[in-house]
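Take a look at the structure below.
The values are calculated or read from the model by the stated rules, or taken from the named source; none is laboratory data. Predicted, not measured: the structure shown is a model, and the values here were computed from it. Cβ: placed from backbone, ideal geometry, glycine included. Neighbour counts: every protein chain shown.
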Amino acid sequence: MRIAVGLLGIALCGTALWLHTVDYKPIVDRVVASTVAEQAYATTVSESDAKLLFCGTGSPSRSAERSGPCLALVARGEMFLFDAGEGAIGRLNEFQAPVLKLSKIFLTHLHSDHMSGTAEVLHNTWLYGRADPIELLGPPGTENLLAGIRLAYEDDITERMYVLAADGVDPDLAFPVAEDIEVDGDEIVTVHEDGDFKIEAFRVNHPHWKSAYGYRIQVGGRTIVVSGDTTISDGVKRYAKNADLLVHEAFNQEFMSIAGEELEKIAVPVSAARIQRIAEVHSPTLALAEMAQEIGVKSLVLTHLIPPIPDIFIARRAFVAGMSDRYAGEITVAHDGLWLDLAGGR
Ligand SMILES: [Zn+2]
Ligand SMILES: [Zn+2]
């Protein structure tokens, strides 16, 4: 015992001596350099790149693995975002998306999980060097959203300009411009066009919302459709017909029933009736598979997973159980950080 105490004493004295004499500078240099590198924004992208980044594959329910809905498209040297849910800016940086090339954010609808990260995507890119405006586009209500964000950040911007003004930073670039997109009935509306690169908005059916949109992207001869939140809808059937890729939300009834039972055990009451009401505004996995087969979609990627399952093989397999019996194409369960190369396979 006495020997053990003696050895411990020597060890502690040695550690204290090391801490006292060590040269911290190289350590601090490396920590700072790696921290900055982790946060580095890519500022250039190749003109020929055409990629999708799943920067958030979750839903309103909190998940460490799956951030709120967020999908980035890198094309023609620019970046476009479809929804900006909670954690979007963190995920974009984590997966080294070229955020300083972000030119437009398209919101599918104004449910909080789809827009709660918008302010920080705009503000953070402005604070760290964005010199061009980002347009925020979405259903009616989008202009109000930006007006509210401006108001909420008013004092922040005023204070930060004490530091930034000397560098010529423009405070109006933080939250520059928003536009409500009007889409009537079954029409499809062009919201971005650059030669044969096109993004269009169409209506989907997300009950209780007057306007909820999906987006069709045509780039490099390929067609990609983003569903937003929707039931199995005529809009997706019409505009994703024969698409190369359909990125669609997905609801798994069995998982949600089990989740409901477990939540009740820990006194979070989520009744079977409430789960049914949630189901009624989303797309069940098996019905989604049937629709994908019916409209001839070549490949299906599931996102906005309800519930947000862990990204492990067995959970993914269970989530899509039965879908391959109904749909012959490829099914991918997206995860945060998944990049898909649209120019040449994956
Ligand atoms: Zn949602
Ligand atoms: Zn929604």
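Determine which member of the set PHE255, PHE251 is surrounded by 18 or more Cβ atoms within 10 Å (Cβ to Cβ) and more than 29 Å from VAL74 (Cα to Cα).
Answer to the check: PHE255.
In the list GLU159, GLU179, GLU120, which residue meets the criterion of being out of contact with any helix residue (DSSP H, G or I) (no Cβ under 8 Å at 6 or more places or on another chain), of a type in the set (D, E, K, R) and either on the phi < 0 side of the Ramachandran plot or without any contact (Cβ under 8 Å) to a residue 24 or more places away in the chain (or both)?
GLU159
Exactly one of (1) touching an Asp or Glu at 6+ places or on another chain (Cβ under 9 Å); (2) part of a helix (DSSP H, G or I); (3) under 25 Å from SER211 (Cα atoms) is unmet by MET291. Its number?
(1)
For the range 174-189, which residues satisfy the criterion of being surrounded by fewer than 20 Cβ atoms within 10 Å (Cβ to Cβ) and within 22 Å of the chain's Cα centre (by Cα)?
PRO176, VAL177, GLU179, ASP180, ILE181 - these are the residues of the range 174-189 that are surrounded by fewer than 20 Cβ atoms within 10 Å (Cβ to Cβ) and within 22 Å of the chain's Cα centre (by Cα).
If LEU81 satisfies all but one of (1) within 16 Å of ligand 1 (Cβ to nearest atom); (2) touching an Asp or Glu at 6+ places or on another chain (Cβ under 9 Å), what's the number of the condition it fails?
(2)
If a residue has to be among the β-branched types (Val, Ile, Thr) and at pLDDT 95 or above to count, how many in the range 294-313 make the cut?
Count: 4.
May I ask you to verify whether THR57 is over 13 Å from the mean Cα position of the chain (by Cα), touching a residue at least 24 places away in the same chain (Cβ under 8 Å) and within 16 Å of ligand 2 (Cβ to nearest atom)?
It is false that THR57 is over 13 Å from the mean Cα position of the chain (by Cα), touching a residue at least 24 places away in the same chain (Cβ under 8 Å) and within 16 Å of ligand 2 (Cβ to nearest atom).
All but one of (1) within 16 Å of ligand 2 (Cβ to nearest atom); (2) surrounded by fewer than 21 Cβ atoms within 10 Å (Cβ to Cβ); (3) farther than 28 Å from ARG62 by Cβ hold for ASP244; which doesn't?
(1)
Conditions (1) within 16 Å of ligand 2 (Cβ to nearest atom); (2) hydroxyl-bearing (Ser, Thr, Tyr); (3) part of a loop (DSSP other than H, G, I, E, B), marked per residue:
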site	(1), (2), (3)
ARG130	no, no, yes
LEU136	no, no, no
GLU143	no, no, no
GLU159	no, no, no
TYR162	no, yes, no
VAL169	no, no, yes
ASP172	no, no, no
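Yes or no, residue by residue, for (1) touching a residue at least 40 places away in the same chain (Cβ under 8 Å); (2) crowded, with 21+ Cβ neighbours inside 10 Å; (3) touching a Leu at 6+ places or on another chain (Cβ under 9 Å):
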| site | (1), (2), (3) |
| --- | --- |
| ARG203 | no, yes, no |
| LYS210 | yes, no, no |
| SER227 | yes, yes, yes |
| VAL236 | yes, yes, yes |
| ALA240 | yes, yes, yes |
| GLU264 | no, no, no |
| ALA273 | no, no, no |
| ALA289 | yes, yes, yes |
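For the range 24-36, does any single residue satisfy the condition of being within 16 Å of ligand 1 (Cβ to nearest atom) and of a type in the set (Asp, Glu)?
No, the range 24-36 has no match at all.
What are the residues in the range 96-108 that are crowded, with 24+ Cβ neighbours inside 10 Å and either at positive phi or within 16 Å of ligand 2 (Cβ to nearest atom) (or both), if any?
PHE106, LEU107, THR108 - these are the residues of the range 96-108 that are crowded, with 24+ Cβ neighbours inside 10 Å and either at positive phi or within 16 Å of ligand 2 (Cβ to nearest atom) (or both).
Any idea which residue in the range 87-111 is nearest to ligand 1 (Cβ to nearest atom), counting only those that are under 14 Å from THR142 (Cβ atoms) and not aromatic (Phe, Trp, Tyr)?
By that ranking, first place goes to HIS111.
In the range 62-83, how many residues are crowded, with 24+ Cβ neighbours inside 10 Å, among the small types (Gly, Ala, Ser) and free of Cβ contacts under 8 Å to residues at least 40 places away in the same chain?
Residues in the range 62-83 being crowded, with 24+ Cβ neighbours inside 10 Å, among the small types (Gly, Ala, Ser) and free of Cβ contacts under 8 Å to residues at least 40 places away in the same chain: 1 in total.
Find the residue count for the range 309-346, including only residues that are under 16 Å from the mean Cα position of the chain (by Cα) and on the phi > 0 side of the Ramachandran plot.
Matching residues across the range 309-346 total 1.
Are there any pairs with C-beta distances below 7 angstrom linking a residue in the range 84-100 that is under 14 Å from ALA64 (Cα atoms) to a residue that is among the hydrophobic types (A, V, I, L, M, F, W, C), with the two at least 6 apart or on different chains, and if so which?
Pairs that qualify, where the first residue is under 14 Å from ALA64 (Cα atoms) and the partner is among the hydrophobic types (A, V, I, L, M, F, W, C), are GLY85/CYS70; ALA88/CYS55; ALA88/CYS70; ALA88/VAL121; ARG91/CYS55; ARG91/CYS70.
Evaluate the following for TRP126: is it in a helix (DSSP H, G or I) and surrounded by 20 or more Cβ atoms within 10 Å (Cβ to Cβ)?
yes
Return yes or no: is LEU100 farther than 18 Å from LYS198 by Cβ and in contact with a Lys or Arg (Cβ under 8 Å, 6 or more places away or on another chain)?
yes
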